[in-house]
Amino acid sequence: MAMPGQLMFARRLGPTARLAIWFAIGVACVVLDVRYQAMEGLRSGLALLLEPVRVVLRAPTDVAVELNGFFTRHRLLQKERDELLAERTRLRLDAEAARDLARENASLRALLGLRERPGQRAIQAALVYQGHDWFAQRITLDRGIASGLGNGLPVVDDAGLVGQLTRVYAGSSEVTLVSSPEQLTPVYIERTGQRGLAAGTGHGRLELRYMPTQADVRVGDRLLTSGIDRVYPPALPVARVTRITRSQSGPYLRIECVPLAGLDRARAVLVLTAEPPSHPAAPPPAGKAPQ
């Protein structure tokens, strides 16, 4: 008589039978799912359970893609920023050059207007050197003896009197500015005609001297050359009154002025010389009537 364990071992199915059974079950599930969608709930449940696993497995790829996009966008933005900065710099330089040309053109047009003064000849010159010591109140021009210049000639820009030639060389000349302590300029007040003497005090300033305390002088009055020294032509703008101090003890006013000319910025100037006199026609010989 066989034991119970031996009967169970004898009834156990073989591998082929088990495979056939599982194959039959699989085919039945496929048929049921295709025809009746019987496995849809099971599939949805499995998808829901496996979603966190898919997210975790996909996270490194998503992070890598996002980082790659970030660095790509960062490089593109940096390149675009550099191009915009370079373009802004070029536009700023172009704008500065345009403004500089406009100022120079306006200055040249004003200088051309000064050429029309009767009895004068104007020689255009340019500033080439100002010197390291601005307190010396001198500038150097690119014209000299070869251009017909000589000592003592007045130099003007588009706004007024710059100074006077004090040293002239073959191809250059030195101008002592009107604000130099070495310069004294006979002037008159444009509004009243009152004459005075403008003296340079250095540092780009002038002082109107020897004006009595009762003189009619106001802040803002323009000073023009009087021409009585026969060095400067009359009516050249020289300075503008900026401050008036009345002395309690002295007989004269203390009048401070600023020059009208661009002493520290003028680049194109005119040197004024006397127009050579025209030669009169020779008289006809005695005994002959003029034709």
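Filtered by the rule that a residue be modelled with pLDDT under 85 and part of a strand (DSSP E or B), the range 252-272 gives a lone residue, Ala268.
Quick check on my filter: what residues within the range 206-234 are of a type in the set (Lys, Arg) and buried (at least 16 other Cβ atoms within 10 Å of the Cβ)?
First, the residues of the range 206-234 that are of a type in the set (Lys, Arg): 209, 218, 222, 230.
Arg222, the sole residue that qualifies.
Scanning the range 155-189 for residues that are assigned to a strand (DSSP E or B) and either surrounded by fewer than 18 Cβ atoms within 10 Å (Cβ to Cβ) or in contact with a Pro (Cβ under 7 Å, 6 or more places away or on another chain) (or both) gives Leu161, Gln164, Thr166, Arg167, Leu184.
Yes or no: Thr242 β-branched (Val, Ile, Thr), farther than 22 Å from Val271 by Cα and assigned to a loop (DSSP other than H, G, I, E, B)? Judged against the criteria, Thr242 is not a match.
Could you identify the single residue in Ala106, Ala97, Ala102, Ala110 that is among the aliphatic types (A, V, I, L, M), at pLDDT below 75, under 30 Å from Pro181 (Cβ atoms) and outside the structural domain of Leu177 (by TED's automatic domain parsing)?
Ala110
Of the residues screened, Thr192 is not one that is surrounded by fewer than 18 Cβ atoms within 10 Å (Cβ to Cβ), within 14 Å of Leu260 (Cα to Cα) and of a type in the set (Ser, Thr, Tyr). In summary, Ala198 fulfils each of the numbered conditions (1) exposed (fewer than 13 other Cβ atoms within 10 Å of the Cβ); (2) touching a Ser or Thr at 6+ places or on another chain (Cβ under 6 Å) with the single exception of condition (1). Per the conditions (1) modelled with pLDDT of 90 or more; (2) in a loop (DSSP other than H, G, I, E, B); (3) small (Gly, Ala, Ser), the sole criterion not satisfied by Ser249 is (1). Could you tell me whether any residue of the range 232-244 is out of contact with any Pro (no Cβ under 6 Å at 6 or more places or on another chain), aliphatic (A, V, I, L, M) and over 18 Å from Ser179 (Cβ atoms)? Yes, because at least one residue in the range 232-244 is out of contact with any Pro (no Cβ under 6 Å at 6 or more places or on another chain), aliphatic (A, V, I, L, M) and over 18 Å from Ser179 (Cβ atoms).
If you go through the range 219-236, how many residues are part of a loop (DSSP other than H, G, I, E, B) and either within 11 Å of Cys257 (Cα to Cα) or of a type outside the set (Gly, Ala, Ser) (or both)?
Start the filter on the range 219-236 by keeping residues that are part of a loop (DSSP other than H, G, I, E, B), which leaves 219-221, 226-236.
Keeping just the survivors that are either within 11 Å of Cys257 (Cα to Cα) or of a type outside the set (Gly, Ala, Ser) (or both) gives 219-221, 228-234, 236.
So the answer is 11.
Does Arg88 satisfy the criteria of being modelled with pLDDT of 80 or more, within 30 Å of His203 (Cα to Cα) and either assigned by TED's automatic domain parsing to the domain that holds Val178 or under 29 Å from the mean Cα position of the chain (by Cα) (or both)? Full working, then the answer.
On the way: modelled with pLDDT of 80 or more: yes; within 30 Å of His203 (Cα to Cα): no; either assigned by TED's automatic domain parsing to the domain that holds Val178 or under 29 Å from the mean Cα position of the chain (by Cα) (or both): yes.
When the stated conditions are applied, Arg88 does not pass them.
Just for the range 190-218: of the residues that are farther than 20 Å from Gly250 by Cα and part of a loop (DSSP other than H, G, I, E, B), which one is modelled with the lowest pLDDT? Quick ask: steps written out before the conclusion?
Going through the range 190-218, the residues farther than 20 Å from Gly250 by Cα turn out to be 190-193, 200, 202-205.
In the following step, the residues that additionally are part of a loop (DSSP other than H, G, I, E, B) were identified as 190-193, 203-204.
Working: Glu190: 93, Arg191: 93, Thr192: 93, Gly193: 92, His203: 83, Gly204: 86.
By that ranking, first place goes to His203.
The values are calculated or read from the model by the stated rules, or taken from the named source; none is laboratory data. Fair warning: this is a prediction, and the values are worked out from it, not measured in the lab. Here Cβ is always computed from backbone atoms with ideal geometry, including for glycine, and neighbour counts include all displayed protein chains.
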